[in-house]
Every structure is written in structure tokens, then in C-alpha cells.
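Asks: Dumping the structure here so I can ask a few things about it.
The values are calculated or read from the model by the stated rules, or taken from the named source; none is laboratory data. Since we're looking at a predicted model, the values are computed, not measured. Note that we place each Cβ from the backbone using ideal geometry, even for glycine, and neighbour counts take in every protein chain shown.
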Amino acid sequence: MAAIIECNNITHYYGNRLIYKDLNFSVERGKILGLLGKNGTGKTTIINILNGYLKPYSGECRLLGEDMRSLSIETKSKVGLLLEGHVQHSYFNIVQIEKFYSRFFKDWKSEPYWDLMDKLKVTRKQKISTMSCGQRSQVALGLILAQDPELLILDDFSMGLDPGYRRLFVDYLKEYVTATNKTVFLTSHIIQDMEHLIDETMILDYGKLLLHKPTHEILDNFKRYKLSDDVRFKLDSDDVIQNVEHFKTHTEFYSFDPMDKVKQALQSRSIDTQTLVYESLTLEDAFIGLTGKY
Amino acid sequence: MTRAIFYKEWIKLRWLLLAISLVFAGSIPYFILNLTNKFRFAGKPHFWSVIVGKDLNLISELTYIPLLAGLIFGLSQIVPEMQKKSLKLTLHLPHPEKLTILKMLLFGSGTLVSIFGITGLVLYFTLSIYLPLQIIGAWFTAALPWYLAGLAAYFLAVWVCIEPVWKQKAINTLLAIALIMLFFKGASTYSLQYATPLYIGIILLSMCFPFYSVFRFKEGVQQ
Amino acid sequence: MTKNNIRTLLILVATALLAWVLPWLVKLSTNEASRYPFTYYSSVKNEFIQVVKEDTETRLMDQSGHEYTRAEYDSLLPMLSYRQLLKDGRLPDSLNRKAISGKSIQLEQFYFKYSPRDKHHKQMDLNPMFESMSGRVQIESPDDLFSIKNKMVFIDAETNSVLADKSNKFHQAMVKRGYKFPTKMVAGNPSTKKLYDEGWFALDANNQLYHIKMVNGNPFVKNTKAGEKLDIDFVKTIETQNRRMYAFVFDKSGRLYYLSDVSYEPVQLPIDAYNTNTDGLSIMANPFYWNVVVTTPAQRITYALDNHTLEEVDRLTETRESTTWEKIHPYVFPFYIEMKSMYSKFVYPRLLGWSVKALALNAVLAVLLALLSYRRKQSIKPLQIMLVLCTGLYGLIALWLFNEKQQETRNVIQLK
């Protein structure tokens, strides 16, 4: 089956600053892919490129099999877009905005929108500009759900949401996507709650894609290892060991590989592995393990 | 979908439209009162010869009003679209992008033309109760560039507002100012009568300009 | 409509605007008024005396450069300064064997002025028809105004309605005399502060010049026959104390006449070919001479004509020094655009000052553009080079204003 999103060899610069070189990835139908990265790693840039709002220096993306530089109207109606900050036309009230969007989509489904709106403590005549960020996020989500798109693109949806709204958003989205076999591409710089939601994780660092793996694979295999001594050693670029941090009483590092392979790697450097222990990680820990704290 | 786009613009701009309409509608009784007042003081025959002899235009207070209306209208229509780049929402609609922008421009220019046209006609016919067509004709010949300037200012304001790069915005602003200045070069009643084709040309051109900046917005052009 | 098409439009519009703005800025910064000195023909010395203004100093001098005091100047030009001389008791009783007095000077004196702006200008088609034989000293303003374009119509101000009887009476009188509507032009003086009223001179559709006035409430319409003798270009009326003439008439072959009081006979002035589109004219007449001043774009000729025979007595030709702007623009700008003109009250773009000399600078700029593109590793675009070659600075700046800085890529985003 063809991928819903396919990006090949995307290279982009802002001025002379390289954002990424030869970025490749694809998303298959029914998957929820999370693009995680710190601020300024180019998450929104990818969203912009995907939707044809940015001309990349080189490379191409295909959305539902179509070139992103000239998306057809049909394709656009199959893509639900949530802009950073849950931006919506703020001069509308919730009745007006539903009326406006419904005219553009053949398969407009009002029920999920009104379901969500009924949960909000807003009047029908309240303008969106007077709503809180959380309320706005629900309006934006409701509109996307009513649009019933095949692909949902959500840019930094967790930004500005308090935990309640964030959980509400995640739960609602998860339930909806699982029930309808939708594909989701989302970005976030807040990793909390994300492991419940995303099937695949892409982690972006400055200038490159660090990793693209199924989320469960990361949670199952990516471990933090501890040695109870401050042991100094050098890392190779393709080492099984990553992100070594030294403390007064111990040394920490991360690895995708199982215990015995890590031991081998240490022993090859003649390091005593008797005190080696590991612990499982949350996605957030894993993210920090991969990208570092800075 | 045209109706939906018009609906959006209507919700966004209806209060401003009302305000602009009121200003233009309110100008009619003002001009009539002003005229009848002068008639009372100077006497009709004398005042007629003053109008003719001194090339007096009693509706000249209208000069910059359409310009302001076009400017404010254009800005009010596009500034909300540019906040947090929400123009992306509009361009993402499953509707041809150029047509979406064109329809937004048509809504803006259409309503402006309607306001200018209707209030202009009412003013013309009300004045014709008091003054001969030769005088009113001359006044409206002088006023035509003012109305056209309003329309051009609308398109140019939209253009400047959509432009994503600040440096280019500044250049566009200078260009727009120079273009608008051309509409206000008249010194006497009939001095601009041969410039009308130029003004129509400027309006048609400035109608295309916003699309250039929409293209740039779409490409994500940045400094 | 693609992005590049609109960009091309923008560049062309910017080029045109710059062709208007840049020369205007240059003119503004090199602003200098070049004026001809006031010149008057002395009926005492029989030569031209000039008032030369230099910075703050004013020098009164004759053609040999001899300078005069103010009092001497007044005596040399008694026709110009007769009121001052009368006040000082210095006005001679006779001059050139002719008795003169304040009154006799006044009688023969008139001032007439024509500017191309009189012709290139439009006024409302509404004018007052005065009673020419009111018997009153003061001319009285009527309660109605007439329109003469397509037919003769009087409109009453009090009621804003057509005065049917009066309109009919005049219209019929004109038609009966062979007047053909629509009217091409109407000349007259709508002021009540004039010496006397002679109504209006109207050029009809057949180029016939009619004299139309109101006498005792009735229409007076007469074909002056001047239209049969001349191909009339422009008419401007005048009132003189001695009622010697009705108007000055310019014909289309550059001759100037006055319409004499004797059965409207056109009398030609012996001056060089006159262009009503570019030349200014002023006439200062006195009992001895007419000072006829013709200012063309390049020079000024002052004629002294004999008051009676109208023969040329003397003439003075002065050429104007070029302004800085006139000196530099042919080398800097291949052309320029002006919206206003000193020759017309109409505002519209005028392409002026075509100059081949500017091609040299244009070529340098085009090479510069090509080098710049080469250094930036951009392809050299022949159309851009052409634009700079033809429009020079204007085109180059316009290109810079709409320069696309983005990296050139194969990717183009299309708008649907």
C-alpha cells in the first residue's frame, strides 16, 4: 500500500543555515506519527513543506500520492490541518465557523463537532477571539473531526494547553483515529502524554533526523544504563552506546541494544561491567536520552 | 463556495461596512445643508456665479474620504488573515487558491464600489434639485478620481498587507504611495479628465499585485 | 497569471513610476528659476529698457549696458510710469510731437496676456449673459446663467429650471443667423468689474465666429465673418478704453490678429509664427508702441510695434540659459514622465525628453547588471538587460526593488 506521506531527500536552508539535508521518511495509512524535536529544529518547517506553504531548497514530498507543490482540491479536502497555536478565524463564533467550513466539504459531519462543543463552556454566540487557548484547541479539533479527513496534520497541538485540555485532546484524537483508521502526522515539543498516542516516533535534531521507529520499539529497547563509578571512555559515531554523562558516583549512558551487547562494547574497552544495570524509560526520558538536555 | 467566502468576509467586515456606509450616507445631508446654507447667505444667483467664476467645488471635502475608506477596508480585511499566518487556513480550503483570493478581493472591491456608487448617485440626484447638471457634472468629474483612488488604495493596501517580507512590504508601500499620489494631482475641476484611463489601468494592475505576495506567502519567502 | 508575469508587471510599473519620481527629485534639488528681465520700449530713447534682477540687486539698464536710477528710468518710460510722473509733476505735455496727458495715455493703454494654459483647460459650460445696454455704470449680474454647448439654454438660479422663453428667443436668433451647434468654444469675460460689456464670442461647429450679446433684453447675434477669413484656433476677448478691438484671435497657422471694432475686421500683428500650445504672449500697449512679448520654450522675443500702423519698430531676441536639469537630464535619463505641464491645466502622463545620449549610461548599467548576475552565479536574463538598456536607471532600480533573493531551485509552488 502506498504511503500517505512520503518525503524524499528534503534539503532546506534558511539563508545559509542548514535545517536538514536529505531528509527521508514516510507514513503509512492508519498510523499516528509524532515528529518530536526541540524548539527550532524545523518541525513547523516540515509541516509547511508538506502542505506546500514552503518551497524547500530541494527534494519532494507526496501527500496521498500527490506532489505537495500542487495539491489538488480533492487532496486538500482529505487533509485536516491544525496550525500552530490552534489558529482559527477568530472573528467567527462557533455556529458561524461551522457554517462556513461545512460549505467546503462534501462529507461534512456536524455531530463530532457539536459533541465536542457541548463539552466546552462557551455560548454559541461567543467569538473565538474571546476564548481561552484550550477552548480554541477544541474548536479547531472539532472542525477537523467534522471535516472527516483521511490525513490529519497537527502542528504543535499541545502548545499552550493545560494538562486537562491536553489529555482531552489526546484521548479524543486517539479514540477517533482508532475507530476510523485515519492517519495522523503531528509535531510536538512536549513529549508527555505522547506515548499513549503515537505509533511511530520521529525525533528531529538540529540539522538531521535522529531516529524514526515505532514507539513501542523505543519504549521496549531504549534503555538507560548505569555504571557505579565515574568511568571515562571515548564514543565512536556508530557506537551502541550513546550520550554518556558523568556523575561523581556513577556514569550514565543510553543504548538501543540489549545488555549483553552493551557489555561487549564496554569490555572491548576493558571496562569492568560488574556494576552495570539498566532501567526502562518513558518516551520523554528516551527523548532526552537521545537529544541531550541542551 | 463563493457564498461561503463572501459569508466569511461579511462576518469579518459587516460592522466596518456599516460604519463606512454611514459616513458616506451621512455626507449627503451634510453637503445639501452646506449648500442650502450658502444659498441662504449669498443668494442663489450670486452663489451660482461664484461657483462658476471661482471654480468652486462644494463636495471637495470628499477628496480623501474614499481613499481612507479603501485603505481601512483593505487593512481590516487582510490584517486578521495575516495574524499568526491564518491565511494558510484560507489557502488550505478545498477551493482553487487564486479563486479564493480573487473572491475575497471581489467582495471587498464590490462592496466598496456599491457604497461609492449608491451614495454617489444619491448625492448626484439630490444635488440636481438645487444645481444645474453643468455644475454637478463638473463636480463629479473632479470627484471621479477620488473614488477611483479609494478602489486603488483598497487593492494596494491588501497587497502591502499580504506581503510576507518586511523589506518588501516597505518597498511596496512606497510604490503604493507613489501610485496613489497620481490620483490627487488635480488643481481645477476638469484637470484630471484625461487621466481616467490611467487610473483605470492602475486599478486593474493593482488588482493583480496582491497575487504576487500570495505566491510569495505560499512559497514561504522569508528574509 | 503566474508569479513571474505579475513580477514583470510590477517591474514595469516601478520603472514607469521611477521615470516620474526620479526626474522630479533631481529637478527639486537643482531648482533654479530662470526668468527673463522685464522689458519695455522707451518712447523717449527708442530702445528697450530692462529691469535686471541679480540676487538682491535690481539694475535698470538699456541695451548698451548703461545703468539708470529709478527717477531716470521713470522719465525714460513715461508711458509705463505716467502715474508716478503725474504725481511728481514731471509728465511732459507732449512727446514725439504728440500732446499727452494722463487721460490720453489711459485711453490708448491696454494689457493683454495669453498662456497655453488658457487653451488647454476646460471650464463649466455656464456663463452670465449681461445686459450690454443697461444704461448703468455698474454691470449687473443676471439671475440666470447660460449653457451654449449643444443649444442655447438659460437656467434660472432661483428655481434651477430652464427659462424656456429666453432660451428659445436666443436659440432661434442664433439658428436664424446660421449658427451651428455644437459650440466649439466660447470667449468672453464673466466679470462684472469690467469697463463695458460686449457679450460673448462663440465658435460654432462650422468654425464660424459669432458675436452674441443681450441688448435691451433681446438677443444680438452676428457672424463676425472672421471664421471665413481665418482658420480660428483660439479667441480671447479684451476690453479697452478706446474700444478699438473686441478680441485677439489666433489662427491655426500661427498668426495673431485682433478683431477690430470696424465690422470685426481681423488685423494681423507682424510677429513670427506663434504656437498657441507652447508660447506665452503678453501685450502692453500705449499711445506710441505696443510691447508684444512672445515667450517660446527656447527664447523670448520682444517686439515694439507702432500703435497706429502696427509695423515693427524694433525687436529684442533673448535666449534663455539652460537650467542644470536641462543640461544633465539628456545624459542621465533616456526619457522622463511628467504629469503636469506648464502649457496645460490637464494632468496626464507625458513622455518627454527623449535622449539618445543616455544610452551610454544605460549600456554601462546593463554591463554592471550582467556582471552582478555573473558574480552571484545567477543566469543573465536578456530581457532584464534589454530593460536596463532602454530605461537605464529606472529599470535597474525597479529590478532591484523586485529582486527575488531566494535560492534558485527547481521547486516551484503553484497556486491553483
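Asks: Show the residue pairs meeting these rules: Cβ distance below 7 Å; 6+ apart or different chains; first residue within the range C:147-165 and within 17 Å of B:Gly43 (Cβ to Cβ) and within 9 Å of another protein chain (Cβ to nearest Cβ); second residue charged (D, E, K, R) and buried (at least 16 other Cβ atoms within 10 Å of the Cβ).
Replies: Correct list of pairs: C:Ile155/C:Asp144; C:Asp156/C:Asp143; C:Asp156/C:Asp144; C:Ala157/B:Lys44; C:Ala157/C:Asp143; C:Ala157/C:Asp144; C:Glu158/B:Lys44; C:Glu158/C:Asp143.
Asks: Further question on the same structure: Quick one: which helices (runs of 4 or more DSSP H) sit completely within the range A:114-225 and have at least 1 residues that are touching a Leu at 6+ places or on another chain (Cβ under 6 Å) and touching a residue at least 24 places away in the same chain (Cβ under 8 Å)?
Replies: Counting at least 1 such residues, we get A:133-147, A:163-180, A:194-197.
Asks: Also, I was wondering about something else. With B:Trp146, B:Trp139, B:Trp159 as the choices, which residue is more than 14 Å from chain A (Cβ to nearest Cβ) and within 30 Å of A:Arg17 (Cβ to Cβ)?
Replies: B:Trp159
Asks: Considering only helices (runs of 4 or more DSSP H) fully contained in the range A:28-105, which possess at least 3 residues that are touching a Cys at 6+ places or on another chain (Cβ under 9 Å) and in contact (Cβ under 8 Å) with a residue 12 or more places away in the chain?
Replies: Counting at least 3 such residues, we get A:43-50.
Asks: Out of contact with any strand residue (DSSP E or B) (no Cβ under 8 Å at 6 or more places or on another chain), touching a residue at least 40 places away in the same chain (Cβ under 8 Å) and over 26 Å from C:Tyr36 (Cβ atoms): does that describe C:Val332?
Replies: So C:Val332 fits the description; yes.
Asks: Pairs, please: C-beta under 7 Å, at least 6 apart or cross-chain, first residue more than 20 Å from C:Trp290 (Cβ to Cβ) and in the range C:71-99, second polar (S, T, N, Q)?
Replies: Taking only residues 6 or more apart or on different chains, the pairs are C:Asp74/C:Ser81; C:Asp74/C:Gln84; C:Arg90/C:Ser75.
Asks: Find the strands (runs of 3 or more DSSP E) located wholly in the range C:309-406 whose residues include 2 or more that are within 14 Å of chain B (Cβ to nearest Cβ), and list them.
Replies: C:336-338, C:350-352
Asks: Would a scan of the range C:8-28 turn up a residue that is among the basic types (Lys, Arg) and over 29 Å from C:Gln299 (Cβ atoms)?
Replies: There is no residue in the range C:8-28 that is among the basic types (Lys, Arg) and over 29 Å from C:Gln299 (Cβ atoms).
Asks: Being at pLDDT 90 or above, crowded, with 16+ Cβ neighbours inside 10 Å and more than 14 Å from chain A (Cβ to nearest Cβ) narrows it down to one of B:Leu89, B:Leu102, B:Leu68, B:Leu33, so name that one.
Replies: Unique residue meeting the criteria: B:Leu102.
Asks: Within the range B:11-30, which residues are within 14 Å of another protein chain (Cβ to nearest Cβ) and either surrounded by 14 or more Cβ atoms within 10 Å (Cβ to Cβ) or basic (Lys, Arg) (or both)?
Replies: B:Ile11, B:Lys12, B:Leu13, B:Arg14, B:Leu16, B:Leu17
Asks: While we're on this one: Exactly one of (1) at pLDDT 85 or above; (2) assigned by TED's automatic domain parsing to the domain that holds A:Ala146 is unmet by A:Asn8. Its number?
Replies: Unmet condition: (2).
Asks: Mind checking which residues of the range C:160-194 are part of a loop (DSSP other than H, G, I, E, B) and of a type in the set (Lys, Arg)?
Replies: Listed by number, the residues that qualify are C:Arg177, C:Lys180, C:Lys184, C:Lys193, C:Lys194.
Asks: Please work out if B:Lys169 is closer than 17 Å to B:Val214 by Cβ and free of Cβ contacts under 8 Å to residues at least 24 places away in the same chain.
Replies: So B:Lys169 fits the description; yes.
Asks: With assigned to a loop (DSSP other than H, G, I, E, B), touching a His at 6+ places or on another chain (Cβ under 8 Å) and not basic (Lys, Arg) as the only criterion, which of A:Asp239, A:Asp229, A:Asp272 stands out?
Replies: None of the other options fit; the residue is A:Asp229.
Asks: I would also like to ask the following. Do any helices (runs of 4 or more DSSP H) lying entirely in the range C:42-159 carry at least 2 residues that are surrounded by fewer than 14 Cβ atoms within 10 Å (Cβ to Cβ), and which ones are they?
Replies: It comes to C:70-76, C:82-88, C:102-108.
Asks: Something else now. All but one of (1) among the charged types (D, E, K, R); (2) out of contact with any Asp or Glu (no Cβ under 6 Å at 6 or more places or on another chain); (3) under 30 Å from A:Thr75 (Cβ atoms); (4) at pLDDT 90 or above hold for A:Lys109, so report the exception by its number.
Replies: All conditions pass for A:Lys109, except number (2).
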